[in-house]
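Data first, discussion second: the structure below is written as structure tokens.
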């Protein structure tokens, strides 16, 4: 039963993580619907998130390796600085976009967990996500990687701050921000998911000690591993599907889904 449960949870994580519909919001919703401890395993959330992390890393492995090489080449090899200037700036812009949400999360984490962890707010958050996705339904800029500016990175970072609230999709919000500053759909998608790495990595590092010291890790190792693999596989194929949807300008379909989900929450938990 544990094996089946954690595979199901891995599938849920893998399907909702890349899509602009909030994976944390869905987990919170399932907790309230089923009222069972199967959705309260915070250690498994770390494991499942790692599965999604590995899938996105595999998809963008060439881009990530290229950026890391360019970043350190620019620092340590003065002769090749000009060749790597654009990619070096891209890396710095990713850092800039990460800082605001990191600060807000660190300062207001407890407040958010105490005040905003309720099902009615979750419905409102899905409506906010839907509104954002609907507003950029026809948006498609022209900026490529080399055209991103410090101002763009700051705007993306500031908008990303609201994603610490449960139900506000991180990928959806960052995609919206990227499109609003004039990035092309392809550029926006890449920036959104490469920006996912520092946020996800920080989350995993903060929880890895609890995972290592948990007493039941030996008995849950196989179910956890199965859930991780499920999250990896489903995340990989879900991202491929999302990529096609973004390129076709069909993000508004997720807006409809979020509205329906919000209405369900307001009716079911009235």
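Bear in mind that the values in this text are calculations on the coordinates, not laboratory data. Since we're looking at a predicted model, the values are computed, not measured. Every residue, glycine among them, receives a Cβ derived from its backbone with ideal geometry; neighbour counts consider all protein chains shown.
Which value in Å is the Kirkwood Rh of the chain over different Cα pairs?
On the way: mean 1/r = 0.0518 Å⁻¹.
Hydrodynamic radius (Kirkwood, Cα pairs) of the chain is 19.3 Å.
Neighbour counts of other Cβ atoms within 10 Å put 258, 91 in the fewest-to-most order 91, 258. Using only Cα atoms, tell me the angle between helix 23-34 and the longest principal axis of the chain; keep it within 0 to 90° and round to the nearest 10. Around 0 degrees separate the two axes.
For region 106-154, what class follows from the C-alpha gyration tensor (a ≥ b ≥ c being the square roots of its eigenvalues): rounded when a/c is under 1.5, otherwise prolate if a/b is larger than b/c, else oblate?
Details: a/c = 5.94, a/b = 1.64, b/c = 3.61.
Cα axes put region 106-154 in the oblate bin.
Run the helix sum for the chain: -39,500 (n - 2.57) per DSSP H stretch of 4+ residues, divided by residue count, reported at 222 nm to the nearest 500 deg cm²/dmol.
Working: 12 runs with 211 residues, N = 270.
Rounded to the nearest 500, it is -26500 deg cm²/dmol.
Here region 22-171 is treated as a sphere whose radius is the Kirkwood value from Cα pairs; by Stokes-Einstein at 25 °C and 0.890 mPa s it diffuses with a coefficient of 136 µm²/s.
Distance between the modelled labels on residue 118 and residue 233, one decimal in nanometres: 4.1 nm (7 Å Cα→Cβ projection). Were the residues from residue 197 through residue 150 laid out at 0.36 nm apart, the gain over their Cα-Cα distance would be 15.0 nm. Residue order for 265, 75, 119, fewest other beta carbons within 10 angstrom first, comes to 75, 119, 265. Summary of the geometry: region 223-270 and region 127-193, compared by the centres of their Cα atoms, lie 17 Å apart.
Panel order for 270, 81, 185, 61, by other beta carbons found within 10 Å of each beta carbon, from fewest to most: 270, 61, 81, 185. Between the beta carbons of residue 186 and residue 77, assuming R0 = 25 Å, the FRET efficiency works out to 0.25 to the nearest 0.05.
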